[in-house]
Amino acid sequence: MKNTHPFSRRSFMRLAGIGAGALTLSSVWPAWAKTKPGKKLGIALVGLGGYSSGQLAPALQQTQHCYLAGIVTGTPSKATDWAKKYNIPQNNIYNYQNFDSIKDNPDIDIVYVVLPVSMHKEFTIRAAKAGKHVICEKPMALNVADCLEMINACKKANRMLSIGYRLHFDPYHQEVMRLGQQKVLGALTSLEAANGFRWGSTPTWRLKKAMSGGGSLMDMGIYTIQAARYTTGEEPIAVTAQQEKTRPDLFNEVDETVFFELEFPGGFKAQCKSSYNNNWSSLKATTQRGGFELSPSFYYNGLQGKTTKGPLVYQPMNQQAAQMDNFAQCVALRKPTRVPGEEGLKDMKVIEAIYRSMDNGGRRELV
C-alpha cells in the first residue's frame, strides 16, 4: 500500500562532544591505516537505502577528512546508478556475498553499516575481521548480547567501532550537554524529551520485530534516551514504562507509542516518550535558575533552541558530515571516538529494561 502521509520517517527528520566510553588502540596497525593527518580516508556504505542515499552519500560530498570510496548492495541496478553518480570504481563495489574480500582493498578504511538492525551484528563483525574500522547506525543491535559481541569482535581485530549518533556533533545538542552537565543554570529539576512521527500505511522492515527489534522505541525513543543521558551526564538506574497502541493492525509486531520514565542516581527522573503516531520533536529542561529547550530538537536540520537568558543560534551545519569527519580523524590520529560501541550498549541496556517494564508493568532496574 502507498504511504498516504506526506512525511516518511527520513523526510520527517530531514525537515525538521561528550563521549561515554573509550577504546584503547594498540600500536599494531597495518601500514595503510597509519594515515597522516590531511589524507582523506575512504568510507564504504553498506546498504543503499533511504538514509544512505538521502543523507550519508550527500554528506560525504561535504566532508574534509573522508570520502565515499565504495558501496555494498544486493541490488545490481543500485550499484550501476551509484557508480555513475558518485564515480565509484568497479573494484570498490561489493555485494553481500563477496563483502569479505573488502579486506584486500586499500581504498576503503571505514565501513558504515546502514542495514536493518538485525544485520548490524553480522556486518560489523565481518567488517572488523576484514580489517576495517566500523561505524554502525543506531540502534546498535537487537539486544545487549549482540552489542557485546560486536564490541569484542572489534577489539579483537584492533578496529575502532563507532555508533551513528549524529547529534553528538550538532552544536545545539553540544550546548545542551554543557548546560546540563555543568549546571550552568543550576541543577536540573525536570527533563522532558519526545520524539516521533505519524507513520502512514506502508509496511516496511521497521514493523517486523525480527528485523527491527521493536518499533518507535528503538527507532525514535533512542534519541530521547540519549538526550536524557547526555543532558544529565549520568546513567539511568531504573525505568518505568507503558505503551499505547491505536493501530494494532499495522503495529501488530512492534510498539507504536511508548511513555517511559528514566530514574537516575540521586532520584532525578526524566520523562520521555516515542511514537509512530505523533509528530514530536522536543527536549525541555528546567533548572534551579531557569531552563533550556530545543524544539524541534531531533531533526537533521532546522533545530531551534533557547534558554531563559535568550535564544540559541548556530550556523547551519551537516550533522552526518561532522560525524563522519570526526570518526575519520579519530582513526587517522588513533584517538578514541566520543560515540564508541559502549555508548550503543548503554542505550540498549535501557531499552531492554523499558521493554521489561512494558511487558510486566512497574519499575525495572537496569541489569
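The values are calculated or read from the model by the stated rules, or taken from the named source; none is laboratory data. The structure presented is a predicted model; accordingly, all values stated were derived computationally and were not measured. Reconstructed Cβ throughout: ideal geometry from the backbone, glycine too, with neighbour counts over all protein chains shown.
Things to note:
- Looking at Ile237, Ile222, just one residue is more than 15 Å from Met348 (Cβ to Cβ) and among the aliphatic types (A, V, I, L, M), and that residue is Ile237.
- Failed criterion for Lys78 (all others in (1) in contact with a Lys or Arg (Cβ under 7 Å, 6 or more places away or on another chain); (2) closer than 25 Å to Arg206 by Cα; (3) of a type in the set (D, E, K, R) hold): (1)
- Residue in the range 331-339 that is in a helix (DSSP H, G or I) and closer than 18 Å to Gln174 by Cβ present: no
- Condition check for Thr63: modelled with pLDDT of 95 or more, farther than 23 Å from Ala130 by Cα and among the β-branched types (Val, Ile, Thr): yes
- Exactly one residue out of Gly200, Gly233, Gly221, Gly186 is assigned by TED's automatic domain parsing to the domain that holds Thr286, out of contact with any Leu (no Cβ under 7 Å at 6 or more places or on another chain) and surrounded by 24 or more Cβ atoms within 10 Å (Cβ to Cβ), and it is Gly221.
- Residue check for Gly302: surrounded by fewer than 23 Cβ atoms within 10 Å (Cβ to Cβ), within 30 Å of Leu60 (Cα to Cα) and not assigned by TED's automatic domain parsing to the domain that holds Ile108: yes
- When Ala145, Ala79 are checked against the criterion of being crowded, with 18+ Cβ neighbours inside 10 Å and among the hydrophobic types (A, V, I, L, M, F, W, C), Ala79 stands alone in meeting it.
- Applying the set (1) among the basic types (Lys, Arg); (2) in the same structural domain as Phe260 (by TED's automatic domain parsing); (3) surrounded by 24 or more Cβ atoms within 10 Å (Cβ to Cβ) to Arg178 leaves exactly one unmet item: (3).
- Scanning the range 238-265 for residues that are surrounded by 15 or more Cβ atoms within 10 Å (Cβ to Cβ) and of a type in the set (Val, Ile, Thr) turns up Val239, Thr240, Val254, Thr257, Val258.
Conditions (1) in the same structural domain as Phe298 (by TED's automatic domain parsing); (2) within 30 Å of Gly305 (Cβ to Cβ); (3) of a type in the set (Val, Ile, Thr), marked per residue:
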position	(1), (2), (3)
Gln61	no, yes, no
Gln90	no, no, no
Pro106	no, no, no
Val113	no, no, yes
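- Of the strands (runs of 3 or more DSSP E) lying entirely inside the range 36-129, the ones with 3 or more residues being among the β-branched types (Val, Ile, Thr) are found at 110-113.
- Condition check for Lys132: of a type in the set (Lys, Arg), in contact with a strand residue (DSSP E or B) (Cβ under 6 Å, 6 or more places away or on another chain) and either crowded, with 18+ Cβ neighbours inside 10 Å or more than 18 Å from Gly164 (Cβ to Cβ) (or both): yes
- Residues within the range 340-367 that are among the hydrophobic types (A, V, I, L, M, F, W, C) and not in a helix (DSSP H, G or I), tallied: 2
- The requirement of being within 30 Å of Gln315 (Cα to Cα) and of a type outside the set (Lys, Arg) is fulfilled somewhere in the range 196-205, by at least one residue.
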